[in-house]
Amino acid sequence: MEKLSAARPGIHLRDLSLSAIIAGFVAVLVGYTSSAAIIFQAAAAAGATPAQIGGWLSMLGLAMGISSLGLSLWYRTPVLTAWSTPGAALLATSLPGTSLNETIGLFLFANALILLCGVTGLFARLMNIIPPAIAGAMLAGILLRFGLEAFGALQGDPALAGGMCLAYFLARRWLPRFAVLLALAAGLAVAAGQGVLTFTGLEAGWVMPPLIRPAFTWHALIGIGIPYFVVTMASQNAPGIATLQAAGYRVPVSVLISVTALLALLLSPFGGFSVCIAAITAAICMGPDVHPDPARRYMAAVAAGGFYLLAGLFGGAISQLFSALPPALIHTIAGLALLGTLSGSLFRALHEEKERDAAIVTFLITASGLTLFGVGAAFWGLVGGVLVWLLLSRR
């Protein structure tokens, strides 16, 4: 494991600015509005009750708050953490039929694999084994359902889904950073006008999730756990590290992966399914709008960590909100929030001509929903794509 820096520059309150606080708030707001609906779907697919989902969101908020605050202050670098949105999307499509105990078991299994990669320094080498085109194709196959459901909702509720799509694409033209937030606001306004918001009266404050005893079954670990591990590493942690490096921040990669994985492993029995390095939301905390001096932008991630902690304390309120929303709104906001990830995955999958055959096989198998021997489509898509790639790449 890479060593922590022996000496750290001092932390000064003058580094904190209003622009940093606003950037941190926007980063957390975008993170929750863009993917909390997917977390809700994933937890519901595992059979979690609305109260349990509130507890899961509380634990995730606290975990991201602690890790963002600690790592950013330690390195004086804007290290923002997040849950794995691609991983949550995979869970939402793969968990139906899996018990809650088996779900906790695969959380422990996948986070232990991530921790192993961090501690041993295998992260970069392991990612090099799977071609980026195949990893992108597998993710695109997983996300396809969300995109189809977003526009499929137009048939059931054209006013709600259509209004959200219109708001989203108009915002993409003039206010791209707030496109998902404005689409959600439009959906809430239409749903309120239709009278379809049904709050269930859940406790809106802190919700302590019960410890769930894990169960381990081979079909869950192989069919869901391994694809979840690959998607989280390739589509969340890898872009997060790349975002830091592209902004000029050099931090010990193995330490970041190890710390976040260990935290996720400890919280897995309470529903804390992942803690990863953020990419898209982290970029909000790294721009020149935060502060002209790059060395002082870490305070934006520190502020985001504080807002994460507040969100964790009110996980029950977030769960209550999403349990009150009509399914068409949840499907539409989830699909719109993942459009960029889906298009980026398709681009990576088809960009290299030599890998297109393997990528399209991976995409089609993953999107087909195929299940063999109790193992889900994401795993078989990965296996099929790698086999085709090996066959066609060998001379």
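Both the radius of gyration and Dmax for the chain are 20.2, 64 Å, in that order, over alpha-carbon atoms. Highest mean first, the peptides 343-352, 38-47, 274-283 sorted by other C-beta atoms within 10 Å per residue fall in the order 274-283, 38-47, 343-352.
Give the calculated FRET efficiency between Ser17 and Arg173 to the nearest 0.05, with a Förster radius of 35 Å applied to their Cβ-Cβ distance.
In this case the efficiency is close to 0.70.
Relative to one another, the C-alpha centroids of region 23-39 and region 86-109 are positioned 22 Å apart. Sorted on the mean count of surrounding Cβ atoms within 10 Å across their residues, most packed first, peptides 221-229, 167-175, 91-99 read 221-229, 91-99, 167-175. Summarised as an ellipsoid, region 222-354 has semi-axes of 25, 23, 19 Å, derived from the eigenvalues of the Cα gyration tensor scaled by 5 and square-rooted, with the largest first.
With a Förster radius of 35 Å, plug the Cβ-Cβ distance of Phe347 and Leu313 into 1/(1 + (r/R0)^6) and report the FRET value to the nearest 0.05. Show your work: numbers first, answer last.
Working: r = 39 Å, r/R0 = 1.11.
The value I calculate is 0.35.
Between Phe151 and Ser99, the C-beta separation translates, for a Förster distance of 25 Å, into a calculated FRET efficiency of about 0.20. At full extension, Ala189 and Ser393 could sit 68.2 nm farther apart than now, given 0.36 nm per residue minus the alpha carbon distance. Computed over region 28-149, the alpha-carbon pair-distance distribution with 5 angstrom bins reads 2, 9, 14, 20, 21, 18, 11, 3, 0, each value a whole percent.
On the protein heavy atoms, probe 1.4 angstrom, tell me the percent of accessible surface of the chain carried by carbon and sulfur.
The nonpolar share, carbon plus sulfur, comes to 69 percent.
Taking 1.567 mPa s as the viscosity and 4 °C as the temperature, the Stokes-Einstein diffusion coefficient of region 90-178 based on its alpha-carbon Kirkwood radius rounds to 77 µm²/s. Peptides 328-341, 355-368 ranked from most to least packed give 328-341, 355-368, packing being the mean of other C-beta atoms within 10 angstrom over each peptide's residues.
The values are calculated or read from the model by the stated rules, or taken from the named source; none is laboratory data. Keep in mind it's a predicted model, so treat the numbers as computed, not measured. Here Cβ is always computed from backbone atoms with ideal geometry, including for glycine, and neighbour counts include all displayed protein chains. Calculation scope for accessible area: heavy atoms of the full protein, side chains included, ligands and nucleic acids excluded. Shrake-Rupley method; radii C 1.70, N 1.55, O 1.52, S 1.80 Å.
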